[in-house]
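> Below: one structure in structure tokens.
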């Protein structure tokens with residue numbers, strides 16, 4: 001789920017938030033369990049029952065709160081509150097928060113589309129292509145390499161230079177880490193700006209040709225509705241997984257993959273099937289014992305449930321399947337506190353909203 005914005009931070013207030021999180025753990029609140037699972041590294045694979053059964057100290061709660069605001073630790077969050085630096089100002093574009101002058105100039109040259117200038121800059125600073133900068137208070141893009149700035153994701157300027165593919169190739173040839181290539185591919189594949197600028201597919205091809213792993217990007221692309229990117233990644237050799245098959249409505253492939261699937265694959269598959277509106281895929285996954293009231297997995301709209309996503313996207317047939325199988329119509333999302341009917345209303349899905357407000361929760365079929 002997106003990190004929370006740290007506006008007018010007060011350390012005492014943050015301490016109270018940690019104590020409230022600890023109280024929610026003791027009260028066995030499912031929404032609190034989801035927050036702990038996403039933001040405390042020790043619980044990333046734990047079930048609600050495992051989270052509630054575990055000891056959860058105040059220091060654990062403080063770590064989860066810090067990470068919920070995009071900081072690696074409570075100490076880092078405390079430093080931000082007590083001794084803020086210019087680079088902490090999240091309202092500024094990322095390039096304006098870079099304190100390293102050499103790195104910042106590299107980003108400026110990327111944004112200008114200055115191939116020769118960037119070539120000379122990389123030659124004069126041979127370590128630059130493997131260097132990274134750190135941003136805190138972010139949901140992602142926390143420790144990017146220079147290459148990752150070619151994706152314009154997160155959006156900094158809302159556009160890319162017309163020669164961004166050439167710029168990307170220049171940085172790749174200067175030498176980059178595998179992790180930087182994989183992360184850049186994911187950013188390109190999930191980014192709106194590369195698609196709108198008509199360079200998403202050429203950049204996917206280029207990055208994969210240089211060794212980026214298409215499997216790392218294909219499911220995130222599906223989560224973000226980047227279907228053209230999904231197709232391009234499959235052409236580049238990404239394998240079909242259960243979540244991908246669910247997002248594509250490939251029912252026979254789903255059935256063949258289910259016997260060997262892991263619980264986390266079925267969890268993501270249900271989230272994607274509901275999001276894309278494949279009612280039969282939802283039924284298949286519910287028949288395996290998937291919980292319709294479980295919050296979606298991290299990096300897949302995890303502040304919401306499958307019913308929220310189906311309602312938001314206007315999939316009445318999926319909504320009916322989920323409700324008939326026990327999905328709670330009064331369950332609120334974690335980020336905005338909205339019910340599925342509220343989400344439908346926000347998206348203008350009046351037919352879905354009316355059904356949800358009138359249906360209640362009938363007995364399971």
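The values are calculated or read from the model by the stated rules, or taken from the named source; none is laboratory data. Only a predicted model underlies this, so the values are computations on that prediction, with no experimental measurement involved. As a convention, Cβ positions derive from the backbone with ideal geometry for all residues, glycine included, and neighbour counts pool all protein chains shown.
> Checking residue 193 against (1) out of contact with any helix residue (DSSP H, G or I) (no Cβ under 6 Å at 6 or more places or on another chain); (2) surrounded by fewer than 20 Cβ atoms within 10 Å (Cβ to Cβ), which single condition isn't satisfied?
Answer for residue 193: the failing condition is (2).
> Pairs under 6 Å by beta carbon, first residue farther than 14 Å from residue 141 by Cβ in the range 87-98, partner buried (at least 18 other Cβ atoms within 10 Å of the Cβ) and modelled with pLDDT of 75 or more, six or more apart or different chains?
Correct list of pairs: 88/80.
> Further question: Looking at 327, 281, 311 in this structure, which one is closer than 27 Å to residue 220 by Cβ and in a loop (DSSP other than H, G, I, E, B)?
327
> Only one of these conditions is not met by residue 279: (1) surrounded by fewer than 24 Cβ atoms within 10 Å (Cβ to Cβ); (2) without any contact (Cβ under 8 Å) to a residue 40 or more places away in the chain. Which number is it?
The failed condition is (2).
> Of the residues that make up the range 241-249, is at least one crowded, with 19+ Cβ neighbours inside 10 Å and farther than 29 Å from residue 274 by Cβ?
Looking through the range 241-249, none of the residues is crowded, with 19+ Cβ neighbours inside 10 Å and farther than 29 Å from residue 274 by Cβ.
> State the number of residues belonging to the range 151-173 that are farther than 28 Å from residue 302 by Cα and assigned to a loop (DSSP other than H, G, I, E, B). Don't jump to the end; show me each part of the working.
From the range 151-173, those farther than 28 Å from residue 302 by Cα are 159-173; that's our starting set.
Right, trim to assigned to a loop (DSSP other than H, G, I, E, B) and you get 159-163.
Of the residues in that region, 5 qualify.
> Still on this structure, please answer the following. Take the conditions buried (at least 18 other Cβ atoms within 10 Å of the Cβ) and assigned to a loop (DSSP other than H, G, I, E, B) and apply them to residue 290. Does it pass?
Taking the combined requirement at face value, the residue satisfies it.
> Still on this model: Does residue 106 meet the test of being at pLDDT 95 or above, in contact with a helix residue (DSSP H, G or I) (Cβ under 6 Å, 6 or more places away or on another chain) and buried (at least 16 other Cβ atoms within 10 Å of the Cβ)? Even if it seems obvious, please write down each step before you answer.
Details: at pLDDT 95 or above: yes; in contact with a helix residue (DSSP H, G or I) (Cβ under 6 Å, 6 or more places away or on another chain): yes; buried (at least 16 other Cβ atoms within 10 Å of the Cβ): yes.
Considered against the rule, which asks whether it is at pLDDT 95 or above, in contact with a helix residue (DSSP H, G or I) (Cβ under 6 Å, 6 or more places away or on another chain) and buried (at least 16 other Cβ atoms within 10 Å of the Cβ), residue 106 comes out as yes.
> Then there is this: Tell me, yes or no, whether the range 52-70 has at least one residue that is surrounded by fewer than 17 Cβ atoms within 10 Å (Cβ to Cβ), under 25 Å from the mean Cα position of the chain (by Cα) and not in a helix (DSSP H, G or I).
no
> Could you tell me whether residue 148 is farther than 27 Å from residue 213 by Cβ, assigned to a helix (DSSP H, G or I) and modelled with pLDDT of 95 or more?
No, not satisfied.
> Among the residues of the range 109-136, write down those that are part of a loop (DSSP other than H, G, I, E, B) and buried (at least 20 other Cβ atoms within 10 Å of the Cβ).
133, 136, listed by residue number.
> While we're here: Hand me the list of helices (runs of 4 or more DSSP H) wholly inside the range 180-233 holding 1 or more residues that are free of Cβ contacts under 8 Å to residues at least 40 places away in the same chain and under 18 Å from the mean Cα position of the chain (by Cα).
Correct list: 192-196, 215-223.
> Hey, residue 46 hits all of (1) within 20 Å of residue 301 (Cα to Cα); (2) touching a residue at least 12 places away in the same chain (Cβ under 8 Å); (3) assigned to a loop (DSSP other than H, G, I, E, B); (4) in contact with a helix residue (DSSP H, G or I) (Cβ under 9 Å, 6 or more places away or on another chain) but one; which does it fall short on?
(2)
> Hey, another quick one. Could you list, in sequence order, the residues of the range 334-365 that are more than 22 Å from the chain's Cα centre (by Cα), at pLDDT 95 or above, in a loop (DSSP other than H, G, I, E, B) and surrounded by fewer than 20 Cβ atoms within 10 Å (Cβ to Cβ)?
348
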